[in-house]
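One structure is given here, and the rest of the page talks about it.
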Amino acid sequence: MVNILSIDFDYFIAASAMERDKYFPSGEDEVNLNKLRAIWKERYLQYPELMQIGVVDEFHSLKDFLLLIRIKREKFFSSNTHKSIKGVIDRIPANQNLRIVNIDFHHDYYHYYSGDNYLNCGNWLRRVIEERPMTQVKWIRREDSQLFSLEGEIPFEHTTNITSVFNESFDIVFICRSPEWSPPHLSYRYEELVRSVFYSETA
C-alpha cells in the first residue's frame, strides 16, 4: 500500500463557502498568471475586506505535523494545480494499491471538463478512482464543503477532523497552491507549509 497525503492550500483559507462565492474569482483551473493577477487586483478593489481573510487554526496543526513526518525530498511534490498529482500517481506501478488522504475544501470528484481538457483540478480524484478502483480515499473537508457530485453523495470516507490523520505515516506528500481560489496575500502561508516539509527532511 502506498500512502499519499494530498494537500490543497484552499482548505486553510478562513472563508466560508458563501464568502468564497462572493469574493473569489469564478474562474477556471490554470488561468494565465497575468490575467489571474488582474482578476485578483479587481477583486481586492471591489472587496477590500478580502485583505482581512486569514487561515484557519488547522493550518498551524498541519504545519506542526509536517515538521515531524520526515518525508524524503524526492517523495515531496508541490504545484500550482492539484491536477499535477495525477502525474505523480501515474508513476506508481498499477499493481500497488493506494490510500489517498486529501485535505481540501473541495472533494475533487467532479465530472466537469471542457474540450480536450479531460483532467483538471476538480476531477483528478475521479480519474484516479476510475483507473484504479481499489484506491482508498479519506477526504478531510470543511464543515460547509460540498458533499455531492452528479451521482449523489461522494462514495468515500470524509471527515472534518484533520487531527485524525496525524497518527498516520505517508510515503508521498503533495501540496498545491490553487491560486485561482486562494487570495494572493496568503501566498506566504502556502510557502510556510512547503518549507515545513523541507525542514522535516533535513532535521
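Since every read-out is calculated from the coordinates, none of them should be taken as a lab result. Remember, it's a predicted structure, so these values are computed and weren't measured experimentally. Cβ coordinates were reconstructed from backbone atoms using ideal geometry, including for glycine residues, and neighbour counts include every protein chain displayed.
The structure shown yields Rg/Rh (Cα atoms, Kirkwood Rh), and of the options (i) 1.95; (ii) 0.94; (iii) 0.97 that calculated value carries the label (ii). Only DSSP H runs of four or more residues enter the estimate; each adds -39500 (n - 2.57), and after division by the residues of the chain the mean residue ellipticity at 222 nm equals -8500 deg cm²/dmol. A DSSP coil position with no more than 13 other Cβ atoms inside 10 Å describes the following chymotrypsin sites (Phe, Trp or Tyr not before Pro) in segment 98-150: Tyr112, Tyr118.
Candidate membrane-span-like segments in the chain, meaning DSSP H helices with Cα atoms spread over at least 20 Å of their own axis and a Kyte-Doolittle mean of -1.0 or above, are 187-202, with no membrane implied.
Multiplying the residue separation of Glu191 and Phe156 by 0.36 nm and subtracting their alpha-carbon distance yields 9.6 nm.
Each residue in Asp29, Asp144, Asp8 was given a count of other beta-carbon atoms within 10 angstrom of its own, and listing them fewest first yields Asp144, Asp29, Asp8. Shape descriptor for segment 20-114: Rg over Rh equals 1.01 (Cα atoms; Rh from the Kirkwood inverse mean 1/r).
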